[in-house]
Amino acid sequence: MSDLLLSTTALDVTAPRPDRLAFEALPYSGDCRRIWQRGDHLLIGVSPGNSYFSHQRIAELLLWAGELFESIDIVYADLQVEAQYVAAGYGPEHARRRAAKEIKTTHRRIQRGVEAAGLPGVGVHGLSAFTGDPAYQRLHRSVLTALEADREFREATEGMARAFLAARLGAEVTPAELAAGVAYIAAELPFFLDTPSLLGKPSSVACYHVQLPLTPVLFGREEGLRAAPGQAYAVIRPKAHRPQPVAA
């Protein structure tokens with residue numbers, strides 16, 4: 001089901017306070033909508049270098065979502081960032097410094113947003129914090145297996161990586177860059193497959209501000225690698241022009 005189709009039935013979940021930015025929610029499917037309406041947990045994924053997630057936007061999103069969900073966690077990608085710079089031609093030391101700076105900037109921006117929102121109990125995690133978790137390892141292995149055996153999944157993942165890298169690099173994507181981009185996405189995908197297992201939640205909605213090429217694969221088909229029954233996905237995007245800034 002496409003984002004265009006779902007946009008005609010966006011959930012009416014506008015924040016009640018006029019000084020906050022209103023968002024609209026577009027759960028991908030009927031099952032995703034039912035999980036959304038439970039309101040157990042929202043997962044916000046933030047990628048380094050993504051200018052969409054300013055500290056202001058993060059604060060506004062948290063204020064809005066805090067009235068709809070029992071708990072909220074933010075997970076930011078701090079794995080495979082260095083590998084992408086190496087694949088793009090940076091020397092190892094330069095790649096390491098660039099990745100470290102980008103990850104640090106992202107973490108600082110998230111923390112500023114959380115502090116500005118003043119919402120208690122918001123979890124902030126780097127992906128690297130989960131690499132020793134058996135649940136994460138199991139889910140990551142399932143992603144790697146699907147990349148080898150599931151053509152539809154592999155093509156969607158590669159298409160997503162190409163689009164991400166082309167927008168970021170402004171040039172044709174090389175095979176090495178594509179492989180690094182796929183590894184980066186694979187590191188994130190456990191949270192799109194089964195956040196409840198990773199964070200101990202009854203159910204969870206993973207969100208982003210645009211529809212992702214992998215959404216129909218993980219949430220719309222009946223075979224192959226799919227999201228767990230308690231996992232949902234929704235596009236959450238601003239509904240109106242920006243109001244007055246939230247204090248930093």
Condition set touching a residue at least 60 places away in the same chain (Cβ under 8 Å) and touching a helix residue (DSSP H, G or I) at 6+ places or on another chain (Cβ under 7 Å), scope region 193-203, selection nearest to Gln231 (Cα to Cα): answer is Ser203
Open item on the list: Any residue at all in region 179-196 that's in contact with a Pro (Cβ under 7 Å, 6 or more places away or on another chain) and within 22 Å of Ser128 (Cα to Cα)?
Closed with: yes
Answer yes or no: is there a residue in region 60-71 that is assigned to a helix (DSSP H, G or I), under 21 Å from Asp194 (Cα atoms) and of a type outside the set (Asp, Glu). yes
Screening Val46, Val86 for residues that are more than 20 Å from Pro238 (Cα to Cα), touching a helix residue (DSSP H, G or I) at 6+ places or on another chain (Cβ under 8 Å) and of a type in the set (Val, Ile, Thr) leaves only Val86
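Could you grab me the full set of residues in region 117-132 that are under 22 Å from Ala99 (Cβ atoms) and assigned to a loop (DSSP other than H, G, I, E, B)?
The first filter runs over region 117-132 and keeps only residues under 22 Å from Ala99 (Cβ atoms), leaving 124-132.
Within region 117-132, Thr131, Gly132 qualify.
Show me the helices (runs of 4 or more DSSP H) entirely contained within region 146-248 in which 1 or more residues are aromatic (Phe, Trp, Tyr), in contact with a Gly (Cβ under 8 Å, 6 or more places away or on another chain) and at pLDDT 90 or above.
Details: elements: 151-169, 175-188, 190-199, 215-220.
Passing ranges, in order: 151-169, 190-199.
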| said: Among the residues that make up region 200-208, is at least one of them surrounded by fewer than 22 Cβ atoms within 10 Å (Cβ to Cβ) and of a type in the set (A, V, I, L, M, F, W, C)? | reply: no
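The values are calculated or read from the model by the stated rules, or taken from the named source; none is laboratory data. What you see is a predicted model, and the numbers here were worked out from it, not measured in a lab. Don't worry about glycine lacking a Cβ; one is built from the backbone with ideal geometry, like all the others, and counts go over all protein chains shown.
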